[in-house]
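Student: Right, I'll just put the structure down here and ask away after.
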Amino acid sequence: MESARVYQVFNNETAEQNGAIAAPGLDVQQTDAELLDSYSKTIVSALDRVSPAVVYIEVTKEGRRGLQTGGGSGFIFTPDGYIFTNSHVVHGAKEINVSLADGRTVSGRLIGEDEDTDLAVVQIWAPNAEPVKLGDSQSLTPGQVVIAIGNPFGFQSTVTAGIISALGRSMRAESGRLIDNVIQTDAALNPGNSGGPLVNSRGEVIGVNTAVILPAQGICLAVPINTAKSVAFALMRDGFVRRGWLGIAAQTIALRTRLSRFHQIFNSGAVLLIGIEPDSPAKRAGLREGDALVSINGQTVNSVDDLHRMMLTIRTDKESNIAVIRHSELLSIPVTPVLK
């Protein structure tokens, strides 16, 4: 019996040292911070940075049965109250009301929308509004942790987390045009998440949540924030987006250093043409699927984001010289984009 008692005392002392049981006089409760693992801390930290800027957008539209209301998400990206959301959330809006994370509800003004990227910009007047920090979507990699924040079914500030499943996807907007370079994630999205931010582990917004592929599970899409920045600049300046159209579907690819040196170009990447629209400028000019676009009028094109930016300023009344690599050969092909 004595040896058993000694054994029990020894085990209790060891357990106390390992934190398995509480020693007399010690507080048995741990703080929440101590209980969080590193993954949880990452999510919580990112949420703390971004959630004050996430808003719920309630929209009144004219429907078949009179006025109807709907909603979606958005996020403030400038100190003076400019908000990103989806075009399909605010399209046709008669009235826009924005609910902030601090409980305020204010009226919103539609600055402009771009159906071809499913993006829109709304402005509110809300002193002390906290904007998000915008990241760089060109630096993303598959497998990276991401967080989606939004208001699905009106449940405000709902948070889901996952990873980037793939980059360079294409999806067709409601206008019928392909949106290139879309981010695919398995962070769960639901109706009402549209327009909310997709955030990296540092709390930087790297995408605008846009669509869920139904009936699939875990396939959700977001427009890259670099694309959104270019669109926002045009919307805030003109109220609409005027762009040249080539009629291609594309994705960003790495370009082999050996190939760059051989052709004496300075690209770190290129734009692979994965689809050509029928009766499009690209089709008429002779561009082909599999071509790697490397420059337009001498300006280097390293990514789809570069291409999108150029399409916002490219001339549509004259030919442009598009350089592509086809079967290791560098070709210059004249193409006349159209305004669309």
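Student: Please list, ordered by first then second residue, the pairs with beta carbon atoms under 8 Å, 6 or more apart or interchain, first in region 231-244 and over 15 Å from ASP116 (Cβ atoms), second of a type in the set (Phe, Trp, Tyr).
Tutor: MET236/TYR82
Student: Give me the residue from region 299-340 that is touching a strand residue (DSSP E or B) at 6+ places or on another chain (Cβ under 9 Å), over 24 Å from SER137 (Cβ atoms) and of a type in the set (S, T, N, Q) and, out of that set, surrounded by the most Cβ atoms within 10 Å (Cβ to Cβ).
Tutor: Checked region 299-340; the qualifying residue surrounded by the most Cβ atoms within 10 Å (Cβ to Cβ) is SER320.
Student: Looking only at region 82-92, count every residue that is surrounded by fewer than 21 Cβ atoms within 10 Å (Cβ to Cβ) and modelled with pLDDT of 95 or more and tell me the total.
Tutor: Count: 1.
Student: Conditions: (1) surrounded by fewer than 16 Cβ atoms within 10 Å (Cβ to Cβ); (2) touching a helix residue (DSSP H, G or I) at 6+ places or on another chain (Cβ under 8 Å). ILE296 meets all but one. Number of the miss?
Tutor: So ILE296 meets the others, but not (1).
Student: Could you check region 113-143 and list, in sequence order, the residues that are outside any loop (DSSP other than H, G, I, E, B) and either in contact with a strand residue (DSSP E or B) (Cβ under 6 Å, 6 or more places away or on another chain) or among the aliphatic types (A, V, I, L, M) (or both)?
Tutor: The first filter runs over region 113-143 and keeps only residues outside any loop (DSSP other than H, G, I, E, B), leaving 113-114, 119-124, 133-134, 137-139.
Within region 113-143, GLU113, LEU119, ALA120, VAL121, VAL122, GLN123, ILE124, LYS133, LEU134, SER137 meet the criteria.
Student: Also, I was wondering about something else. Need the failing condition index for THR117 against (1) touching a helix residue (DSSP H, G or I) at 6+ places or on another chain (Cβ under 7 Å); (2) crowded, with 19+ Cβ neighbours inside 10 Å; (3) modelled with pLDDT of 95 or more, just the number.
Tutor: If we test THR117 against (1) touching a helix residue (DSSP H, G or I) at 6+ places or on another chain (Cβ under 7 Å); (2) crowded, with 19+ Cβ neighbours inside 10 Å; (3) modelled with pLDDT of 95 or more, just (3) comes out false.
Student: Quick one: would you say GLY108 is buried (at least 20 other Cβ atoms within 10 Å of the Cβ) and not assigned by TED's automatic domain parsing to the domain that holds ILE219? Spell out how you get there, then give the answer.
Tutor: Working: buried (at least 20 other Cβ atoms within 10 Å of the Cβ): yes; not assigned by TED's automatic domain parsing to the domain that holds ILE219: yes.
Yes: the conditions hold for GLY108.
Student: Provide a single number: the residues in region 313-337 that are hydrophobic (A, V, I, L, M, F, W, C) and out of contact with any helix residue (DSSP H, G or I) (no Cβ under 6 Å at 6 or more places or on another chain). Lay out the reasoning, then the answer.
Tutor: Going through region 313-337, the residues hydrophobic (A, V, I, L, M, F, W, C) turn out to be 314, 322-325, 330-331, 333, 335.
Those still in the list that are out of contact with any helix residue (DSSP H, G or I) (no Cβ under 6 Å at 6 or more places or on another chain) too: 314, 322-325, 331.
Here the count works out to 6.
Student: Where residues in region 134-152 are of a type in the set (Gly, Ala, Ser) and under 12 Å from the mean Cα position of the chain (by Cα), which of them is surrounded by the fewest Cβ atoms within 10 Å (Cβ to Cβ)? It would help to see each step written out before you state the result.
Tutor: Looking only at region 134-152, we keep the residues that are of a type in the set (Gly, Ala, Ser), and these are 135, 137, 139, 143, 148, 150.
From what is left, the residues that are under 12 Å from the mean Cα position of the chain (by Cα) are 135, 137, 148.
Numbers: GLY135: 21, SER137: 26, ALA148: 26.
Checked region 134-152; the qualifying residue surrounded by the fewest Cβ atoms within 10 Å (Cβ to Cβ) is GLY135.
Student: Tell me which residues, restricted to region 258-293, are under 29 Å from the mean Cα position of the chain (by Cα), more than 22 Å from ARG172 (Cβ to Cβ) and surrounded by fewer than 17 Cβ atoms within 10 Å (Cβ to Cβ).
Tutor: Scanning region 258-293 gives PHE266, SER268.
Student: Residues that are closer than 18 Å to ASN226 by Cβ and touching a Pro at 6+ places or on another chain (Cβ under 7 Å): does region 146-160 have at least one?
Tutor: No, that holds for no residue.
Student: In addition: For VAL146, state whether it is in a strand (DSSP E or B), closer than 14 Å to VAL54 by Cβ and touching a residue at least 12 places away in the same chain (Cβ under 8 Å).
Tutor: Working: in a strand (DSSP E or B): yes; closer than 14 Å to VAL54 by Cβ: no; touching a residue at least 12 places away in the same chain (Cβ under 8 Å): yes.
For VAL146, the condition - in a strand (DSSP E or B), closer than 14 Å to VAL54 by Cβ and touching a residue at least 12 places away in the same chain (Cβ under 8 Å) - is not met.
The values are calculated or read from the model by the stated rules, or taken from the named source; none is laboratory data. Being a predicted model, the structure only gives us computed values, none of them experimental. No Cβ is skipped: glycine too gets one built from the backbone with ideal geometry, and neighbour counts run over all protein chains shown.
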